[in-house]
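First up is the structure itself, then whatever we jot down about it.
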Amino acid sequence: MSFSTLSGTSAAFAEYLPAGDAYDELLGADGTPRPHWRRLVDLLGSWEPAELARRWDQARRLIHDNGVTYNIHDETGGTQRPWVLDPIPLVIAAADWANLEVGINQRARMLDALLADLYGPQHVLREGLVPPELVFANPGFLRCCQGLSMPNGRWLHLTATVVCRNGDGQWTVLGDRTAVPLGLGYALENRLVVSRLLPGVFQECHVERLAPFFLSMRAMLKALAGGRDQPRIALQSAGATSENYFLDTYLSRYLGLPMVEGGDLAVRDDRVFLKTLGGLLPVDVLLRRVPDRECDPLELDSTALAGTPGLVHAVRQGRVSLANALGVGFIESPAFSEFLPAVARRLLGEDLILPMPRSWWCGRPENLARVLAMLDDLVIEPVWPHGVAIPGGIAVKRIVPATLTAEQKRELATRIQARPADWVGRAMVARSVAPSWNGSTMEPAQVTIRCFSVATPEGYGTLRGGLARFSTADTAGESLASGQGSKDVWVLSRGPVAPVTLLPSPGQQLTLRRGGHELPSRVADHLFWLGRNVERAESAARLLRAVAIRLSSESTLETATEVAMLLAWMTDPQVPRPEWMITGRIETHWEMLGEVQSLVFDTSRPASVSASLKAMWRMASVVRDRISVDSWKILSRTRRDSFLEPFSPMPGGVPVVSSATDDVPSLLDTLIYDLSAFAGLGNESMTRGPGWQFLDMGRRVERATNAIGLQRVTLSQAMPDSARLFEMLLEIADSSMTYRNRYLGSLQAAPVVDLLLIDETNPRSIGFQLAELAEHVDRLPRDRSSPVLSGERRAIMAATSLLRLADVTELVAIDAEGGRPHLRQLLTRLEGHLRMLWESLTHHYLVHAAPRRRLGDMLAIDIKQESE
């Protein structure tokens with residue numbers, strides 16, 4: 001399939017454009033591509049459809065590997081929404097953008113002046129330009145901020161303006177985002193993906209770069225620090241439960257700022273401090289990505305327990321600066337639109353350059369009558385946007401009456417009449433249409449653009465690009481939750497574009513630094529549990545692989561006793577165990593296969609591989625900003641291997657045979673390779689700072705705990721024929737080759753115990769884990785002048801000494817009842833010391849900033865200990 005010409009234009013993509021569709025962004029009045037689109041159209045027209053489809057598949061894989069989602073982690077169990085990016089950018093000519101940029105910057109100046117007036121002298125209220133009800137009745141207006149003095153007199157440091165072209169081709173403002181302007185991270189990711197998809201044409205079109213805007217953001221944040229030479233600036237995130245967590249992570253990395261949460265901060269003596277492993281560090285500026293009322297439970301919302309008590313007081317004393325300032329979100333209300341032209345003339349002495357659709361606040365009787373009479377021609381919006389509860393229980397954002405039934409319209413009219421001040425009617429806007437790719441052809445899509453502005457000493461500067469939202473349906477909003485996608489925005493320059501980087505200039509002298517103990521305690525806690533969950537998943541995978549291989553071989557019945565013993569160790573103690581698991585006698589191996597599949601795929605079982613992977617992914621999502629891109633890609637691969645799909649066993653324990661479960665050993669092989677690669681990248685690529693220390697300590701604690709439990713169950717009691725069991729234990733511990741090199745083919749208890757328990761040269765032995773933990777504990781921050789040993793140092797010293805003084809011959813000695821009491825006693829004492837170690841670590845370094853550990857994270861450990 002090749003492209004034909006379109007209205008005489010060479011290499012146009014007529015076959016991609018369905019007949020009858022109007023693409024006013026792409027095509028001019030004569031039906032030919034507009035001049036600024038032609039280079040892109042020529043390139044796309046030279047490709048076969050399969051080529052664009054192939055490149056787009058590569059781009060989608062890149063989006064998946066980078067973990068780009070609309071809701072990367074949902075605490076309530078909701079679905080994760082993949083980021084929808086159209087490969088066809090929205091192209092805007094240089095002259096067209098220049099006019100839009102002037103209007104956007106003027107609007108930012110006007111909104112900043114309005115905030116300064118409303119929190120200050122309130123001229124617009126006294127003169128009747130803005131109804132007082134829109135201010136004082138709005139829950140976003142924070143009275144505690146009244147009269148505050150802002151650095152440089154600026155309230156609004158970062159803002160987003162939503163614009164579109166109307167039916168006349170004129171730029172029109174649909175709304176503003178002032179509280180926490182979102183989308184910059186997505187705009188960056190869109191640019192990265194699309195520029196890789198279309199590298200040649202991106203360079204040839206002279207597309208404006210995004211980096212200058214972020215350089216201005218850095219300068220703005222540094223200016224808020226009040227001239228300090230090396231201010232500590234951090235990005236404040238709402239955490240991994242926020243649907244915008246990806247944006248926060250991406251932006252913090254790009255700007256080079258540490259990302260913190262409310263629990264990471266503390267207020268002492270009117271100053272904000274970051275709680276780290278090494279103590280409290282002062283914070284000068286916070287780039288706020290948290291809603292206003294969630295910032296301080298002391299003065300704003302007492303239920304916002306994730307906030308920082310005393311933050312408002314620190315702002316009031318001028319000891320910390322926030323960008324944006326608290327209390328700026330209420331002017332996002334669509335009710336202000338009707339009054340902004342008069343506000344601009346009063347505060348700026350200027351008429352607004354960018355028009356807005358006509359709107360009517362129903363709090364005025366004449367407006368209410370007009371809105372009810374024109375209901376089918378309007379969009380109805382609540383005065384309090386963004387999910388703020390409306391008095392009366394209504395919590396909608398936008399209603400298009402033309403799409404409602406007659407009964408629904410009557411109900412809406414009744415609600416508006418009951419509380420008219422809660423509603424706004426806005427004229428509909430016919431948005432411009434651009435081409436979008438649906439996987440096989442082009443289709444028309446209505447487009448809006450989110451444009452970003454940042455405060456500068458001269459006023460405001462604009463991101464020369466933005467986040468375009470598109471919808472193939474006729475919707476009135478711009479929310480991804482309603483099924484919309486996004487586009488990269490290409491603003492063309494009149495000439496070649498100079499490269500810009502956020503890296504310091506070559507001549508700038510940098511202060512030499514090496515990582516200390518500035519790691520937030522919350523991050524250390526999550527890294528510790530990430531290490532534990534990675535190791536827990538790998539340990540379970542190694543054991544179940546050994547079992548599955550034997551169940552699929554001719555020696556199934558010969559190893560039934562050993563297999564039953566291992567499966568019983570992993571089985572929940574609360575679940576009744578089948579007879580074969582207790583006796584080890586079976587007539588068929590189907591029951592064992594069903595149990596193996598359940599322990600691999602059933603996320604409801606805390607000891608299963610899938611449950612460990614789910615917990616691992618949750619922890620990785622929380623510390624995404626601390627994980628390298630390559631490490632993240634490896635962890636992302638585990639989500640594609642069917643481990644997190646729902647598992648439903650057949651009645652009677654018969655295993656389910658499907659593409660996801662029919663080759664368990666191969667799936668477990670791939671998983672072990674991926675988790676080993678993650679561990680290898682950590683060892684080879686992570687700086688040996690506190691982050692790596694706690695990640696590795698988590699792995700070592702989990703590996704030692706798991707090995708202690710497994711050896712206590714399998715080795716504390718002698719078996720008549722132990723060779724098969726020894727062989728499986730060596731295979732699970734990846735130590736078979738070492739054993740054969742040392743002892744050839746003879747399998748005996750003493751060398752097996754020595755290799756798996758005591759030998760500190762074996763990376764899989766318990767002794768090796770304790771030795772590594774001893775080194776980590778010794779490097780932790782502490783008062784080295786104190787002669788008193790901390791709890792963690794006492795615990796690890798007791799454990800290593802106990803193991804190094806052990807006599808292997810005595811450990812494997814069998815008593816009259818066929819048991820090895822010395823070995824069991826040693827393993828039990830080691831387990832107690834390990835528990836004391838990680839409890840002491842949690843108490844001294846992690847507990848003051850960490851939420852309570854989830855029951856599921858603890859239950860897998862307790863289950864194994866109970867089963868022993």
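For the residue pair Asp168 and Glu760, what label-to-label distance in nm results when each label sits 7 Å from Cα along the Cα-to-beta-carbon direction?
My value for the distance between the label points is 8.3 nm.
For the pair Ile814 and Glu839, what calculated FRET efficiency results from E = 1/(1 + (r/R0)^6), where r is the Cβ-Cβ distance and R0 = 51 Å, to the nearest 0.05?
0.90
Please compute the Cα-Cα pair-distance distribution of region 304-381 with 5 Å bins starting at 0, giving whole percents from short to long.
Pair shares across the bins are 3, 11, 14, 15, 13, 12, 10, 11, 7, 3, 0.
Spin-label point model (7 Å from Cα, Cβ direction): what's the Phe136 to Gln203 distance in nm?
In this crude label model, Phe136 to Gln203 measures out at 6.3 nm.
Would you grab the residues whose amide H sits under 5 Å from the one on Val433? Only those 5+ places off in sequence or on another chain, please, with H modelled 1.01 Å from N.
Sorted by chain and number, the residues that satisfy this are Asp24, Glu25.
What whole-number value in cubic angstrom gives the convex hull volume per residue for the C-alpha atoms of region 689-787?
Values: hull volume 11.7 nm³, N = 99.
About 118 Å³ per residue, rounded to a whole number.
Please report Rg over Rh for region 176-304, where both radii come from the alpha carbon positions and Rh follows the Kirkwood definition.
Details: Rg = 17.2 Å, Rh = 16.6 Å.
Rounded to two decimals, Rg over Rh is 1.04.
Starting from one equal scatterer on each C-alpha and no solvent at all, send me the Debye-based log10 I(q)/I(0) for region 746-816 at q = 0.20, 0.22, 0.24 Å⁻¹, two decimals.
-0.85, -0.95, -1.05
Using only Cα atoms, what is the ratio of the radius of gyration of region 132-233 to 2.2 N^0.38 Å? Mind showing how you got there, number by number?
Working: Rg = 18.9 Å, N = 102, 2.2 N^0.38 = 12.8 Å.
Cα Rg divided by the expected 2.2 N^0.38 Å: 1.48.
Could you list which residues have their amide H under 5 Å from that of Leu277, counting only those 5 or more apart in sequence or on another chain, with H placed in the peptide plane?
Answer set, sorted by chain and number: Leu519, Ser521.
Diagonalise the Cα gyration tensor of region 281-431 and give the resulting equivalent ellipsoid semi-axes, square root of 5 times each eigenvalue, largest first, whole Å.
Numbers: eigenvalues 253, 87, 31 Å².
Computed over region 281-431, the values are 36, 21, 12 Å.
Between region 303-346 and region 80-157, how far is it from one alpha carbon centroid to the other, in angstrom?
10
Based on the mean of other Cβ atoms within 10 Å per residue, sort peptides 45-58, 157-170, 697-710, 102-115 so the most packed one is first. Let's see the in-between values first.
Values: 45-58: 14.6, 157-170: 19.2, 697-710: 24.1, 102-115: 22.1.
Top of the packing list down: 697-710, 102-115, 157-170, 45-58.
To the nearest 0.05, how large is the calculated FRET efficiency for Asp669 and Ala219 if R₀ is 45 Å and r is the Cβ-Cβ distance?
On the way: r = 51 Å, r/R0 = 1.14.
With R0 = 45 Å, the Cβ-Cβ based efficiency is 0.30.
Using +1 at the C-beta of Lys and Arg and -1 at the C-beta of Asp and Glu, which of Ala323, Val272, Val312 has the Cα lying farthest in the positive direction of the dipole of region 270-350?
Val272
Please pull out the direction-averaged projected area of region 698-748, using the convex hull of its alpha-carbon atoms, in nm² to one decimal place. Present the calculation step by step, with values, prior to reporting the outcome.
Working: hull surface 15.3 nm².
That works out to 3.8 nm².
Could the peptides 260-266, 821-827, 762-768 be put in order, highest first, of the mean number of other beta-carbon atoms found within 10 Å of their residues? Write out the running numbers ahead of the final one.
Details: 260-266: 22.4, 821-827: 19.1, 762-768: 20.9.
So the order, starting with the most tightly packed, is 260-266, 762-768, 821-827.
Taken together, the values in this text are just the output of simple stated rules run on the coordinates, not laboratory data. Since the structure is predicted, the reported quantities are computational estimates derived from the model, not experimental observations. Quick reminder, even Gly has a Cβ in these numbers, built from the backbone with ideal geometry, and neighbours come from all protein chains shown.
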